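Here's the structure, in structure tokens; my notes come after.
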Amino acid sequence: MTRSLCILGSTGSIGTQSLDVARLGGYTVEALTAYSDVKTLEAQIREFRPALAAMADEAAAADLKTRVADTGVRVLSGPEGVAYCAAESRADTVLNAVVGMAGLAPTLAALRAKKRLALANKETLVAGGQLVMETAKQNGVPILPVDSEHSAIFQCLQGASENRALKKLILTASGGPFFGKTAAELQNVTAADALRHPNWSMGAKITVDSATLMNKGLELIEAVWLFSVSPDDVQIVVHRESILHSAVMYDDNSVIGQLGLPDMRIPIQYALTYPERLPSPVGELDLAKLGRMTFYEPDYETFRCINLCRRAIHKGGLYPAAVNSANEQANAMFRRGEIGFLEIADRVERVLEAAPEKPAYTYEDILETDRFARETVQGG
């Protein structure tokens, strides 16, 4: 089936790779959104000719509107404009590649509009998992994972029986640029050091999350919601080569994994074509040339963010939203040189311990928790 797409966050790493897939697959692009990269979005509009576009930044939207006045595209602004594209475009599939909490509102808008959702924005499920899954169920629409790890698990579950007989999920982590380092060795690392990822090409925020291993904690929470498992049934394994993207273990101790080259266009394309598989722009995996794959237990004492996330999802309610927003704020402060690398986990833990308990919550409660977490992190 040929999809018509709305791509949220089209100028970022996942967004541009999604457009690679759309270009090769001949998909119709109905809407594109970005935060403030006017130049890139203008080029995308001129190539793909969507009916709608939006920029979250108001000034950037005004600039874009002037630049593309000759194209006939309708340019919207602000978070409301992004959500409008998700809900009101003619696309049958919304691919959400927005970074951070900003992805939650358009996710809910797309689900309420009964759009098929390809989800690369992990914060959507971390911050509002209960709300998001309930909204998807109420509207009878699927959430298809784009993260390489969750796509891998999703693919490994395709052959399972209805009762699944699932024992545990095995999430793989590259280990980031600081694998094997001690806390003492990380005391004075810089943002430039953290942004040197060994395997993946990603945006700055996600790359720093990979360095702290916070990304793996967030993915643990996301997996709990996507696959209806206990946090204790998610094992994290460091796999430096990034070839086994994740695996599942069944009750008979059989392990089924999904392998491939570390290229996000594989999971992006699968989310767009599911349940079909089509030829891919990504090269073949040659196991003989690869030679070997290695696996390690994470260093939970040095990279504390994983277990902070595990604690948060065990506590439930708004605690995952609190640690997610705390991390977003601390991550940004580290990239600006305002705090040290190890302080990211310190500030996330402070918010986890201070956040109010609220088992049931609304969208407004999530926003209030977001404000509380950011203020707490900024206050030191």
Within the range 371-380, tally of residues that are open to solvent by less than 50 Å² (accessible area, probe 1.4 Å) and over 22 Å from residue 307 (Cβ atoms): 1
Answer residue from the range 347-362, given it is open to solvent by 60 Å² or more (accessible area, probe 1.4 Å) and assigned to a helix (DSSP H, G or I) and is farthest from residue 330 (Cα to Cα) among those: 353
Residue match in the range 33-47 (condition: at pLDDT below 95 and more than 20 Å from the chain's Cα centre (by Cα)): no
Tally, over the range 84-129, of residues that are among the hydrophobic types (A, V, I, L, M, F, W, C) and closer than 19 Å to residue 365 by Cα: 9
Pairs with Cβ under 7 Å, 6+ apart, first in the range 327-338 and under 15 Å from residue 100 (Cα atoms) and among the acidic types (Asp, Glu), second at pLDDT below 95 and in a helix (DSSP H, G or I): 328/101
Odd one out for residue 94, checked against (1) β-branched (Val, Ile, Thr); (2) under 30 Å from residue 298 (Cα atoms); (3) buried (at least 17 other Cβ atoms within 10 Å of the Cβ): (2)
Cβ-Cβ under 6 Å pairs, at least 6 apart or on other chains, the range 154-171 side touching a residue at least 40 places away in the same chain (Cβ under 8 Å), far side surrounded by fewer than 13 Cβ atoms within 10 Å (Cβ to Cβ) and assigned to a loop (DSSP other than H, G, I, E, B): 165/251; 167/251
Hey, residue 68 touching a helix residue (DSSP H, G or I) at 6+ places or on another chain (Cβ under 6 Å) and open to solvent by 10 Å² or more (accessible area, probe 1.4 Å) or not: no
So residue 79, is it within 17 Å of residue 6 (Cβ to Cβ) and assigned to a helix (DSSP H, G or I): yes
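Taking the criterion of being open to solvent by 50 Å² or more (accessible area, probe 1.4 Å) and of a type in the set (A, V, I, L, M), would at least one residue in the range 33-51 satisfy it? So that I can check it myself, show each step before the final result.
Narrowing the range 33-51 to residues open to solvent by 50 Å² or more (accessible area, probe 1.4 Å): 35-37, 39, 43, 46-47, 49.
Remaining after also requiring of a type in the set (A, V, I, L, M): 43.
There is at least one residue in the range 33-51 that is open to solvent by 50 Å² or more (accessible area, probe 1.4 Å) and of a type in the set (A, V, I, L, M).
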1 or more residues surrounded by 13 or more Cβ atoms within 10 Å (Cβ to Cβ) and hydroxyl-bearing (Ser, Thr, Tyr): qualifying strands (runs of 3 or more DSSP E) within the range 232-309: 244-250
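In the range 24-46, which residues are more than 13 Å from residue 94 (Cα to Cα), in contact (Cβ under 8 Å) with a residue 12 or more places away in the chain and of a type in the set (D, E, K, R)?
Keep residues of the range 24-46 that are more than 13 Å from residue 94 (Cα to Cα), which gives 24-26, 34-46.
From what's left, in contact (Cβ under 8 Å) with a residue 12 or more places away in the chain: 24-26, 34-38, 40-42, 44-46.
Result: 37, 42, 46.
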Condition broken by residue 180, with the remaining ones in (1) part of a helix (DSSP H, G or I); (2) at positive phi satisfied: (1)
Residue in the range 182-197 that is open to solvent by less than 10 Å² (accessible area, probe 1.4 Å), touching a residue at least 40 places away in the same chain (Cβ under 8 Å) and more than 20 Å from residue 266 (Cα to Cα) present: yes
Candidate set from the range 82-102 (those that are at pLDDT below 95 and in a helix (DSSP H, G or I)); member that is nearest to residue 325 (Cα to Cα): 101
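The values are calculated or read from the model by the stated rules, or taken from the named source; none is laboratory data. Just so we're clear, the structure is a prediction, and the values are computed from it rather than from any experiment. Using ideal geometry, Cβ is built from the backbone for each residue, glycine included, and neighbour counts are taken over all protein chains shown. SASA here: full protein model, heavy atoms, side chains in, ligands and nucleic acids out. Shrake-Rupley method; radii C 1.70, N 1.55, O 1.52, S 1.80 Å.
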